[in-house]
Amino acid sequence: MILCSGEALIDMLPGQTADGALAHVPHCGGAVFNTAIGLGRLGAPVSFFSAISTDGFGDMLRQALEASDVDTSLVVRPDRLTTLAMVHLKDGHANYSFYDENSAGAMLTSEDLPPLLPHLDALFFGGISLCNAPAADSYLAFAERVKGQAPIMIDPNVRPGFAKDETAYRNRLTRFLGVAQIVKLSDEDLNWFVPGNIPLEDKANRILEHGPSLLLLTKGSEGAVAFQRNGDTIPVAAQKADVIDTVGAGDTFNSGFLTALYERSLIPSAAKGALSGTDMTDCLSFAAQVAAITVSRKGANPPWRSELPN
């Protein structure tokens, strides 16, 4: 079982009414939610932990998880509003404005955390759920508590503009690097963590010095590259796609990589930074393949396994 812990929200995507007026249309989303959906649709056993509102949007989120074969038994349902993310697209690339004050997800506390669970293959954390207290501190406490029980992967999906206290945010993410074995960053994320005009490999090594054994770096149309603690660097090209928008692309990449590891019984090896070049290339290529499908259609809509070529 892979446990995804983090935000579930509603993406308000640009659209039109029947008479052609501009509008925003609600779609289920959130980085960790999208990763869980992607895992479920690809056939990996996955459970989701978060606080999801009892309002109508919350019902949409829960139903979407269950429809994609994601276990929701750990979800808590407070009587608070759902987080909304207004999505603005420019040349297919998404920018976000969040409405999150006192939301169900934002107000998750340590009292809501699930018990230690048996039979976990991996845990995944990330997204805006790591930005602000109390939820962000609660997820960190959970990660620190379960460290050693199963490998941890994080994708911070850095949003400094969303963090109320950027110094606290940076310190929290640094602590997350200390408990995670696998980290996924975009090239923009990496430059936020390690600013300055130094070689990419040096920046990657700075991240690995905090404790992770494996760093996955995504570079948009330039593909992705894996840096292992043993010094191996393995690149993979991006899959060609007719890009509609990039909403959920990185999240789908995460689900594809974790699924490929799970199916090959490679999660422990990845957590040690000990994947062979062939295994790493295969897992990265699968992740790029599923991400390419997501960017070819509107919104965060990870593919089902049946949509992939045999």
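The charge dipole of the range 2-305, taken about its Cα centre with unit charges on the Cβ atoms of Lys, Arg (+1), Asp and Glu (-1) only, comes to about 420 debye.
When shorter helices are ignored and each DSSP H run of at least 4 residues is given -39500 (n - 2.57), the per-residue value for the chain at 222 nm works out to -10500 deg cm²/dmol. In nm, to one decimal, how far is the modelled label at Asp165 from the one at Leu22, with both set 7 Å along Cα→Cβ? Here the answer is 3.7 nm between the modelled labels.
Under the simplified labelling scheme, the Asp79-Glu101 pair shows an inter-label distance of 2.2 nm, with each label point 7 Å from Cα along Cα→Cβ. One Cα centroid belongs to the range 72-150, the other to the range 7-58; the line between them spans 14 Å. Around the amide H of Phe49, modelled in the peptide plane, lie the amide H atoms of Cys4, Ser5, Gly6, all under 5 Å away and 5 or more residues distant in sequence or on another chain. Shown here for the range 160-209: GluC sites (Glu not before Pro) in loop regions (DSSP other than H, G, I, E, B) with at most 15 other Cβ atoms within 10 Å, namely Glu209. Compared with the rule-of-thumb size 2.2 N^0.38 Å for a compact globular protein, the chain has a Cα radius of gyration ratio of 0.93.
What pairs in Lys164/Lys219; Lys90/Lys298; Lys147/Lys203; Lys90/Lys219 have C-alpha atoms more than 20 Å from each other? Lys164/Lys219; Lys147/Lys203, as the Cα separations exceed 20 Å there. Here Ser296 and Asn197 are evaluated by their C-beta separation; at R0 = 25 Å the FRET efficiency comes out at 0.15.
Readers should treat all values here as calculations from the given coordinates under stated rules, not as data from a laboratory. Predicted model, so just to flag it, every value in this text is computed and none were measured. Using ideal geometry, Cβ is built from the backbone for each residue, glycine included, and neighbour counts are taken over all protein chains shown.
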